[in-house]
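Worksheet: the structure to be examined is printed underneath.
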Amino acid sequence: MPQQATTTANAEKLSIGFINWAHALDHYVMLVFPTVVIGLQSIYGRSYAELIALGTPSFIAFGVFSLPAGWLADRWSRRNMMVLFYIGCGLSLAAAGLAPNLVVLAVALFALGMFASIYHPVGTAMLIALATSRGRSLAFNGVCGNLGVALAAGISALLIFAVGWRGAFLVPALVCLVTAVLYLRLVPDERTTAAARTSAPDVAFAPWLSATLFGLFVVVALTAGLVFHITTVALPKIVDERLASDISLLMVGGITTMIFLCGAIAQLTVGRLVERAPLYLLFTAVALLQFAGVAWAAYASGVTLLVALAVTLAAIYAQVTVNDLVIARYTADAWRGRVYAVRYFLTFAVSGAAVSLIALLHGGGGFELVLAVTAVIAFALAVVTAVIAMLVNGVERRTRMAQAQPAE
């Protein structure tokens, strides 16, 4: 029996390791193009606004296809959906790297968004089910995703410098396909555990409150998604345009990477804080910090701009981690795949709108206007999280008091 328990524990750790790696890859592959597009301006003689718009279908697919991904994972196999994630991303990246023209590149990016959409509803549900310490495990998983975001700009810029823009797609394509082979060989299918998933959440609400919270979380997903994608997609160009006029693409990638790493530090901190502070209060606090950071960045310049962007990214990634933990607390395991699918569908479906919004606002007033509008959206998010905190406060207090009562 101890041997069997050890084997099971090792298998779970291996599975979590692949989930964390998948999160890093997922964000990395989706942010290759926003760096590549800077180099494509001179190759194709098109403006940044025209070229960045080619990524719109990819980001729309990233959100839309999370719905069927979550449903299939709960009904079929979460592990097999992750296999499809690795293979699909690898083939799509290869197609983008070999694209003979911009039309084929846009189609390949759309396919990439479709397969990349699998990770969040599936991988997050798998992690919550396997983790022994949700806060720390989800925080570390968030750090892995953040590292994927952070390294995408720097590594892509380095690959463009060394082997050209096509290599920026082809190298991660190879990494994804190799990982798919390893995952298939090392991680067994988990279909037999689907029927055993619990159907009761950690905290239950009255029907009217559940319906109200659902509506509010729809607003959270939409506003958080817009802030997240506008900031992460535009960040390389914000650094390129507003920091200095003679900065190289390689330096842009390096500075962008350092700013994104601030998000990793924030997520590790949040992983500790969730064990000491109520989740719903922490949710509101990081949303307020996010608004403050975006508003500051809208008017800052030079080194101060870098500090403002660092604060913004730290708050954005802290918010992502706390958001997932809040959903896990209020949703039963049997439904988490589908609930996360809806959450990420809404969050990432607006990513296409975010890319189009960047192009529209940048053309009309530069990044001052882009960041000013983003600050308004971030303020709306902070207000909604405060309303959620007020609504759940009473239920959470009663739940804590009931758990503290000694058994008779």
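The values are calculated or read from the model by the stated rules, or taken from the named source; none is laboratory data. These numbers were taken from a predicted model, which means no experiment stands behind them. Glycine gets a Cβ as well: all are built from the backbone with ideal geometry, and neighbour counts include every protein chain shown. The area values use the complete protein model at the heavy-atom level, side chains included, leaving out ligands, DNA and RNA. Shrake-Rupley method; radii C 1.70, N 1.55, O 1.52, S 1.80 Å.
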Among the residues listed as 349, 266, the single one being over 22 Å from residue 37 (Cβ atoms) and either small (Gly, Ala, Ser) or under 16 Å from the mean Cα position of the chain (by Cα) (or both): 266
Number of positions in region 161-203 that are at pLDDT below 85, among the small types (Gly, Ala, Ser) and either within 22 Å of the chain's Cα centre (by Cα) or open to solvent by less than 50 Å² (accessible area, probe 1.4 Å) (or both): 1
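Specify which of the listed residues (384, 392, 370) is in contact with a His (Cβ under 6 Å, 6 or more places away or on another chain) and either at pLDDT 85 or above or aliphatic (A, V, I, L, M) (or both).
Step by step, each of 384, 392, 370 is checked, and only 370 is in contact with a His (Cβ under 6 Å, 6 or more places away or on another chain) and either at pLDDT 85 or above or aliphatic (A, V, I, L, M) (or both).
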Selection count where residues are under 19 Å from residue 91 (Cα atoms) and β-branched (Val, Ile, Thr), scope region 128-182: 5
Matching helices (runs of 4 or more DSSP H) fully within region 10-79 where at least 2 residues are within 26 Å of residue 139 (Cα to Cα): 32-44, 56-64, 66-75
Neighbours by Cβ (under 8 Å, 6+ apart or cross-chain): first from region 363-379, surrounded by 15 or more Cβ atoms within 10 Å (Cβ to Cβ); second among the basic types (Lys, Arg) and assigned to a helix (DSSP H, G or I): 367/237; 367/242
Residue, farthest from the chain's Cα centre (by Cα), within region 136-160, restricted to residues that are open to solvent by 10 Å² or more (accessible area, probe 1.4 Å) and small (Gly, Ala, Ser): 154
Residue among 304, 312 that is open to solvent by 10 Å² or more (accessible area, probe 1.4 Å), among the polar types (S, T, N, Q) and over 21 Å from residue 135 (Cα atoms): 304
Of the criteria (1) at pLDDT below 85; (2) crowded, with 23+ Cβ neighbours inside 10 Å; (3) over 13 Å from residue 169 (Cα atoms), which one residue 77 fails: (2)
Residue match in region 136-159 (condition: under 22 Å from residue 33 (Cβ atoms) and outside any helix (DSSP H, G or I)): no
Where a residue in region 126-150 is over 15 Å from residue 322 (Cα atoms) and its partner, wherever it lies, is basic (Lys, Arg) and assigned to a loop (DSSP other than H, G, I, E, B), with Cβ under 9 Å and at least six apart: 129/197
Scope region 88-129; condition in a loop (DSSP other than H, G, I, E, B), within 19 Å of the chain's Cα centre (by Cα) and within 20 Å of residue 52 (Cα to Cα); matching residues: 117
Considering residues of region 35-74 that are among the hydroxyl-bearing types (Ser, Thr, Tyr) and open to solvent by 30 Å² or more (accessible area, probe 1.4 Å) only, the residue nearest to the chain's Cα centre (by Cα): 47
